1. Stretched out fully, how many nm does the piece from residue 315 to residue 34 gain, at 0.36 nm a residue minus the Cα gap?
2. Accessible area of residue 421, 1.4 Å probe, to the nearest 10 Å²?
3. What fraction, in whole percent, of alpha-carbon pairs in the stretch 79-182 exceed 23 Å separation?
4. Take the residue pairs 281/341; 30/218; 229/444 and return only those whose Cα atoms are more than 24 Å apart.
5. Distance in nm between label sites at residue 115 and residue 50, each 7 Å beyond Cα in the beta-carbon direction?
6. Place a label point 7 angstrom from the Cα of residue 293 along the Cα-to-Cβ direction, then list the residues of the stretch 46-81 whose backbone nitrogen is under 16 Å away.
7. If the cut-off is 15 Å between C-alpha atoms, which aspartates and glutamates fall inside it for residue 332, apart from same-chain ones fewer than 8 positions away?
8. Using each residue's phi in the stretch 342-348, evaluate 6.51 cos²θ - 1.76 cosθ + 1.60 at θ = phi - 60° and report the 3J(HN,Hα) Karplus result to the nearest Hz, with x for Gly and Pro.
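The values are calculated or read from the model by the stated rules, or taken from the named source; none is laboratory data. The model shown is predicted, which means the values in this text are computed figures rather than measured ones. Cβ atoms come from the backbone with ideal geometry, glycine included; neighbour counts cover every protein chain shown. For accessibility, only protein heavy atoms count, side chains too; no ligands or nucleic acids. Shrake-Rupley method; radii C 1.70, N 1.55, O 1.52, S 1.80 Å.
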Amino acid sequence: MKKKHFLSVLLFLAAIPGVETAAMETFTLKQCFDYAVEHNRSLQKDKLGLETAAQSKRELIGSLLPQINASAGFTYNIDKPLVTMPNFITPMMGSMAPAGMPDYIAMTMSLDMSANWGASITQQIINFSLFNALKVTQATSEMAAIGVEAGMSDIIAQTATFYYNVQVLQYAATQFDESIALMDTTLNMMQVNREIGLVRQIDVDRITVARTNLETQKSSMLQALEVQKNLLKLQMGYPMTEEIGIPEIDIDRMEQQIQDAISPVFDVTALPAYRILEQQKNLASLQYKSAVYETLPALVLAGNYSMNYTGNDFSGDSYHSFPVSMVSLNLKFPVFTGMSKNAKINKAKIEIMKADNDRYMLEQSLTMAHSNARMQLEQQMRTIESQRRNKDLAQEVFNVTEFNFGEGISSLSDVLNASSSLIEAQMNYVNALTNCMSAYIELKKADGSIGEINQ
């Protein structure tokens, strides 16, 4: 059943066409990592997010520095404004005032032209909310950096998965080649015996059918191999139109790496997911401080200086110029805000408690994931050892059965059964190898050492 399931997966993957053979560059796992880190689009997007956080920090720092503004202006009054006021001239003239003087008169209160230039400066002296916001941007930047690290770990894990899949499928194709070579030897022997009348034609046909089935399965395997290579290239950001070569798997070295991966040392606080949650709790604490600081006074120092010019022209008796300057110290102190600030502080406290709960739950979850990944890898290592012995035994049985068939001791059915058992044992070993590599990657992700995978 395992064999049928494995082959059905391969036939499904084979629906995606492969690429034509071309000149290719061979990549080690380390080279695949380096290429993916540099070219993977998702990771590049995360790095841009980190740059955005850095710019936000610079923007806030800029608001803490002195803010200087300059201005200048020129005005020409085409229609001057009039001011209506009581007629104070008539009482002053007394009996000399002409008859019919109105009770109100309109007077022009501006000259033809005016101009000015000046500058102002403001400086935050005490503003706890703004100072706390700077810490918020710092925490956000650190969270973005951890996010890039977590994204890089995911990229490495996915790249390693596709890389090992390619190596395992290449190994499986080699196993098929060996089985086909053994089948060719048997077929040649059968054809010789058929010519001298020792076996029937139908026996030769049965061997031919079995060999054709092997060729078909190998073709599906090669198609699946190309699919995994395409997935690897997509993950790396490697051009899909170019070929990529992957070296053959070194099983002995890989088993040693797997053995070394099983370590009792586990530090949950070093994992990116845990560190991100720690930063989220830190942000919750800073939000609480921000709510508290909104109830405290803010002190701002301000000053400005300007020169003003006015006149019907910029010479003569109507022309005047005068400076205006001031320095101020402004204190803002909230007195009553309708209890909204108190509600905001209480909400911030609740967010801190929620962050504590989230951290505890995540710590338990990550510890459980590491324990499960370790047990899974240990089980897969036992399975792969069992399947290796089974494969070697099936190979030995096939060799003996084939030899006995040549000596006339075993039947053709014995040879075909031994061949089928050998192929099934080989596929079971390939499945066990695939599962073991997946468990290995999961454990490296769970203990935060995925970046140490190297080949």
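1. Stretched fully, the residue 315-residue 34 segment lengthens by 93.7 nm.
2. Taking all protein chains as shown, residue 421 has close to 60 Å².
3. The share of Cα pairs beyond 23 Å in the stretch 79-182 comes to 75 percent.
4. Checking Cα-Cα distances, 30/218 exceed 24 Å.
5. For residue 115 paired with residue 50, the spin-label model returns 5.4 nm.
6. It comes to 57-65, nothing else.
7. List returned: 294.
8. Result, rounded to whole Hz: 4, 5, 5, 5, 5, 5, 5.
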